[in-house]
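So the structure is just underneath, and the comments pick up after that.
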Amino acid sequence: MTSAKPVYDPSNDSSVITFQRHRDEEGNFLDIDTTIFHGPHGFYLQEKKVQIWMGRCWENVTDEDKNFAPAHAKRRVVTCPPSPLSTEQVIRMVVEEFIPEEGGALSTALGILEQHGIR
């Protein structure tokens, strides 16, 4: 018996939120868009990366790198395969992304989530 894999279709499913989560060694955001979608099979995450050919390999770049790269530099956009997410994972990702650390707001919010089994 073959198992049916969910079919994710970002062109028809609802885009819930897009944000940047990935940073380089210096703390600059890489040009990687992380989008959460919702469709008939639930929530899923898909990332799109902008990469530039650096003479020997393709490298993920920051927005700043991309803006200062020569106009003739080879570029590509890589779309990663969708990854399923539970409702709890979506909630936690949004909280981690948007609740500020100041005043203990983030640690309080994460503590409340953990009390409810959302890790």
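The values are calculated or read from the model by the stated rules, or taken from the named source; none is laboratory data. Being a predicted model, the structure only gives us computed values, none of them experimental. We place every Cβ from the backbone using ideal geometry, glycine too, and count neighbours over all the protein chains shown.
Identify all residues within the stretch 10-40 that are assigned to a loop (DSSP other than H, G, I, E, B) and over 18 Å from Val78 (Cα atoms); write none if there are none. Correct list: Asn12, Asp13, Glu25, Glu26, Gly27, Asn28, Pro40.
Okay, residues lined up against (1) among the hydrophobic types (A, V, I, L, M, F, W, C); (2) at negative phi:
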site: Arg76; (1), (2): no, yes
site: Pro82; (1), (2): no, yes
site: Ser86; (1), (2): no, yes
site: Arg92; (1), (2): no, yes
site: Glu96; (1), (2): no, yes
site: Ala105; (1), (2): yes, yes
site: Gly117; (1), (2): no, no
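Candidates Arg76, Arg92, Arg21: the one that is over 28 Å from Glu114 (Cβ atoms) and of a type in the set (Lys, Arg) is Arg76.
In the stretch 39-54, the residue that is farthest from the chain's Cα centre (by Cα) out of those that are in contact (Cβ under 8 Å) with a residue 40 or more places away in the chain and surrounded by fewer than 18 Cβ atoms within 10 Å (Cβ to Cβ) is His41. The single condition from (1) within 21 Å of Asp24 (Cα to Cα); (2) part of a loop (DSSP other than H, G, I, E, B) that Lys48 fails is (2).
Residues considered: Thr34, Thr62, Thr87. Of these, the only one that is surrounded by 14 or more Cβ atoms within 10 Å (Cβ to Cβ) and either touching a Cys at 6+ places or on another chain (Cβ under 6 Å) or modelled with pLDDT of 85 or more (or both) is Thr34.
Matching residues to (1) in contact with a His (Cβ under 8 Å, 6 or more places away or on another chain); (2) surrounded by 12 or more Cβ atoms within 10 Å (Cβ to Cβ); (3) not in a helix (DSSP H, G or I):
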residue: Ala71; (1), (2), (3): no, no, yes
residue: Arg76; (1), (2), (3): no, no, yes
residue: Arg92; (1), (2), (3): no, yes, no
residue: Pro100; (1), (2), (3): no, no, yes
residue: Leu106; (1), (2), (3): no, yes, no
residue: Glu114; (1), (2), (3): no, no, no
